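Trainee: My structure is below; once you've seen it, I'll send some questions.
The values are calculated or read from the model by the stated rules, or taken from the named source; none is laboratory data. Because the structure is a prediction, the values reported are computed rather than measured. Because the Cβ atoms are built from the backbone with ideal geometry, glycine has one as well, and the counts that use them run over all protein chains shown. These area figures cover heavy atoms from the full protein model, side chains too; ligands, DNA and RNA do not enter into them. Shrake-Rupley method; radii C 1.70, N 1.55, O 1.52, S 1.80 Å.
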Amino acid sequence: MKNTFLLFCFLFLTASFSQKKKDFNLTSPNGKIKITVSVNDKITWTILHEKDLILASSPMSMTLDENVVLGKNAIVLNSKKENVDTSFETPFYKKKSVENKYNQLTLNFKNDFSIEYRAFDDGVAYRFITKKKKDITVKSEEVTLNFDQDYNTLMPYVRDLRNPKDPFISSFESHYENKKISEFSKDTLAFLPFLIDYKNHKKAVFLEANLEDYPGLFVTNNNQKTGFESRFSKYPIQETNGGFNYLNKLITERADYLVKTKGTRTFPWRAIVISENDSALANNDMVQKLSEPSKIKDISWIKPGKVAWDWWNDWNIYNVDFKAGINTQTYKYYIDFASKNKVEYVVLDEGWSVETDIMKHNPNVDLEALIAYAKERNVGIILWASWMAINNKAEAVFENYAKLGVKGFKVDFIDRDDAKMVNSVYDIAQQASNHKLLLDFHGMYKPTGIQRTFPNILNFEGVKGLENNKWTPNDDVPLYDCTIPFIRMMAGPMDYTPGAMRNATKSEFKPSHSNPVSQGTRCHQLALYTIFEAPLQMMADSPTAYMKEQESTNFIAKVPTTFDETVSLNSEVGKFVTIARKKENTWYLGAITNWDSREITIDFSFLEKGKKFEAEIFSDGLNADKAAVDFKRETITVDSTTKLTYRLANGGGLAMIIK
């Protein structure tokens, strides 16, 4: 009897230990990345890239109502591994299709939940899955990022002085601060994506994907100052009109939970892209790979293109026989310009309607006449609206304007990513697609894959774009331009709104409301049309300015907004970017630099071997360091063996069409 009791104790302790301490390993297809998941009193994961520790042991958990913690003393029921090697078509993107190759580990736990891990050759990801029969309330989620050293970061902090009491109300427009992990600004939040700079030229970008019915992820510093921990905006339960011109909502009371949601569902992916060279970061598909496929069966009506835009240039046209402004004659002028230059759309920004009720028109704007005028000239009309003006009556608004012949909406002043707002964005996307309307989400949190799920969403802001030049003289724009392709653009397209025809050197730049100027050279602006992803790409300057600079306008008009293939050439985060993209049989190349002048060599080996190509090249002029508008246009013959060296001026650029 005594021996039986001792044997029972031994077996009990062994079983308890085995339940509390288990390690599971997952390796990327190329063998370079290794994930180790440890199930103890907590669930943690560790990530190695070859011998380099990318992420030290970092816990993950989710707390539901009644203090149920998924991840605390968890018991593994079983595990499953699988290898996936497939691809999928990607319309309205930077390439025709995306390869989706990864190894997957699924851990199924007692208490009706699972965690799914994926290891790609270029990164890793995990997500929670619940299988509850009843609806659940998510109180919090633990996402922790621990590191073994005090690495440098490029971090976009939340600083929105319009509502300092609620840091989760944000336009998501911030420059990246280059600081060590330990120097993370105290009592602040940062949003995703952000970058960690490791040794041996390795870098990692932290993302989230498939954000649906859930709030977006922010990070703050942890107590040990060796990493970051998650913060989420709680669910809004009371709101009031506020913000800029009272065009959005301010939160006056939040609940004590993140979201009330279905008990059986998948949650957003927590992803890390790992790169051995900077160029690879500028051509990454992680968010596409982790997002839900399109919910729109017929996408034939979705037409990407460029947009003549009125707001940045302050409707400033001249040498005309009418008073320029928000009126029918001015918009006919924009339409004529778009038609002549084969620009697909004209946007009517704020002022065409009563801003709080867009069913009421500005009497100076004959919208129906403009839609008919544009249609005759093969130009589509897109309307600006605040989110608040569309919210709760999107069906009526979209039905009305779709019948009038409007092609889409630019929805502004979203400025939040709590679960309520995320759900609203999905609802607007669905209702817009029902009426075959395009969407450009301006004043928006970073994209997280909804652009694959609803491909009628062609653009997102969530970027500190050219419009900020009108009032931020101290911003280092060329530095930012040379940073966002490696970080923000990884999340998805950017409504940056390039295209300035008035260009200035660093010493000569000054803000202007009606004659706005860009920092850097003309060729810097031209190159952005290839470098910056935007299926609905704005032409920010005035038609008058473009007609005065017809050579540059002709070049911009020829650059498409979606591509069949992308090649990221030699680049370095924050210093310079070089990207080539192919559409049908033509290549487009853009290169930009920060405020440092430099020489770059273009290796044309991406071209088809054995063929000759004609390259139309816009390069910085000899005097671009003093006169930023100075450029040289030439046409030469190149082939796959060609290598050419160009000098980029301070804040300069290089743009090519190769056919």
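Trainee: Under a point spin-label approximation (7 Å from Cα along Cα-to-Cβ), what is the residue 320-residue 354 distance to one decimal in nm?
Mentor: A separation of 2.7 nm, rounded to one decimal place.
Trainee: Quote the FRET efficiency, to the nearest 0.05, computed for residue 166 versus residue 626 with a Förster distance R0 of 56 Å and r equal to the Cβ-Cβ distance.
Mentor: 0.75
Trainee: Select one label from [x] 34.3; [y] 31.6; [z] 29.3: the one whose number is mean projected area of the Cα convex hull in nm² as derived from the coordinates shown.
Mentor: Given [x] 34.3; [y] 31.6; [z] 29.3, the structure-derived one carries the label [y].
Trainee: Using a 1.4 angstrom probe, figure out how much accessible area the range 442-572 has per residue, in square angstrom, rounded to the nearest whole.
Mentor: Per residue, the range 442-572 has 23 Å² of solvent-accessible surface.
Trainee: How much FRET efficiency would the formula 1/(1 + (r/R0)^6) give for residue 645 and residue 564, where r is the Cβ-Cβ distance and R0 is 30 Å, rounded to 0.05?
Mentor: With R0 = 30 Å, the Cβ-Cβ based efficiency is 0.60.
Trainee: If you average the alpha carbon positions of the range 523-550 and of the range 440-501, how far apart do those two centres end up, in angstrom?
Mentor: Between the Cα centres of the range 523-550 and the range 440-501 lies a distance of 14 Å.
Trainee: Now a separate question. Do you know the Lys pair count in the range 482-597 for C-alpha distances under 21 Å, with sequence separation 8 or more or different chains?
Mentor: So the count of such lysine pairs works out to 4.
Trainee: With θ set to phi - 60° and the Karplus curve 6.51 cos²θ - 1.76 cosθ + 1.60, what are the ³J(HN,Hα) couplings of the range 623-634 in order, to the nearest whole Hz, using x for Gly and Pro?
Mentor: Couplings: 10, 5, 5, 10, 10, 5, 7, 6, 8, 10, 10, 8 Hz.
Trainee: What is the dipole size for the range 349-461, taken about its Cα centre, with +1 at each Lys and Arg Cβ and -1 at each Asp and Glu Cβ, in debye to the nearest 20?
Mentor: 400
Trainee: Show me the chymotrypsin sites (Phe, Trp or Tyr not before Pro) within the range 411-510 that DSSP assigns to loop and that have at most 11 other Cβ atoms within 10 Å of their Cβ. Each step should come with its number before you reach the end.
Mentor: Values: sites: 413, 426, 441, 445, 460, 471, 480, 486, 496, 509; in loops: 413, 445, 471, 496, 509.
Passing sites in the range 411-510 are 471.
Trainee: How many nm separate the modelled label positions at residue 277 and residue 637, each set 7 Å beyond the Cα in the direction of the Cβ?
Mentor: 3.0
Trainee: Sticking with this structure for a sec: Probe of 1.4 angstrom, ligands and nucleic acids ignored: what's the accessible area per residue over the range 100-182, in square angstrom?
Mentor: With the other protein chains kept in place, the range 100-182 gives 41 Å² per residue.
Trainee: Students sometimes get this wrong: rank 127, 377 by accessible area, probe 1.4 Å, all chains present, largest first.
Mentor: 377, 127
Trainee: Let me ask something else. Calculate how many DSSP beta bridges within the chain are antiparallel, expressed in % of all such bridges and rounded to the nearest 5. Please list the in-between numbers first.
Mentor: Values: 144 of 168 bridges.
About 85 percent, rounded to the nearest 5.
Trainee: Would you compute, from DSSP H runs of 4+ residues alone, the mean residue ellipticity of the chain at 222 nm, taking -39500 (n - 2.57) per run and dividing by the full residue count, rounded to the nearest 500?
Mentor: Numbers: 14 runs with 119 residues, N = 659.
Calculated at 222 nm, the ellipticity per residue is -5000 deg cm²/dmol.
Trainee: Sort 303, 234 from largest to smallest accessible area, using a 1.4 Å probe on the heavy atoms of the protein chains.
Mentor: Ranking 303, 234 by accessible area, largest first, yields 303, 234.
Trainee: Once you keep just the Cα pairs under 8 angstrom separated by 6 or more residues, what percentage relative contact order results for the chain?
Mentor: Normalised by residue count, the contact order of the chain is 11 percent.
Trainee: Whole-Hz ³J(HN,Hα) for each residue in the range 48-53, computed from phi via Karplus 6.51 cos²θ - 1.76 cosθ + 1.60 with θ = phi - 60°, x for glycine and proline: what do you get?
Mentor: Ordered by residue, 3J(HN,Hα) equals 10, 10, 6, 9, 8, 7 Hz.
Trainee: Here is a follow-up. Please give the contour-minus-distance gain from residue 612 to residue 239: 0.36 nm per residue of separation, less the Cα-Cα distance, rounded to one decimal in nm.
Mentor: My answer for the length gained is 128.1 nm.
Trainee: Continuing with this model, one more query. Would you mind computing, in nm to one decimal, how far apart the modelled labels at residue 508 and residue 201 are, each placed 7 Å from Cα along Cα→Cβ?
Mentor: 3.7
Trainee: Compute the length gained on full extension between residue 515 and residue 53: take 0.36 nm times their separation in residues and subtract their Cα-Cα distance, giving the result in nm to one decimal. Display every interim value, and only then the final one.
Mentor: Working: separation 462, 0.36 × 462 = 166.32 nm, distance 5.03 nm.
That pair, residue 515 and residue 53, stretches by 161.3 nm at full extension.
Trainee: What does the accessible area per residue of the range 358-418 come to in Å², with a 1.4 Å probe and no ligands, DNA or RNA counted?
Mentor: Value returned for the range 358-418: 40 Å² of accessible area per residue.
Trainee: Here is a follow-up. Sort 438, 48 by accessible area with a 1.4 Å probe, largest first.
Mentor: Values: 438 5, 48 60 Å².
Result of the area sort, largest leading: 48, 438.
Trainee: Still on this structure: Carbon-plus-sulfur fraction of the accessible area of the chain, 1.4 Å probe, in percent?
Mentor: That fraction is 48 percent.
Trainee: If you line up the long axis of helix 367-376 against the longest principal axis of the chain, both from Cα atoms, how many degrees apart are they, to the nearest 10?
Mentor: For 367-376 against the chain, the angle is about 80 degrees.
Trainee: While we're on this one: What's the magnitude of the charge dipole for the chain around its Cα centre, counting Lys and Arg as +1 and Asp and Glu as -1 at the beta-carbon? Answer in Debye, nearest 20. Intermediate results must be reported in sequence, preceding the final value.
Mentor: Working: 85 positive and 84 negative charges, 337 e Å.
In total the dipole reaches around 1620 debye.
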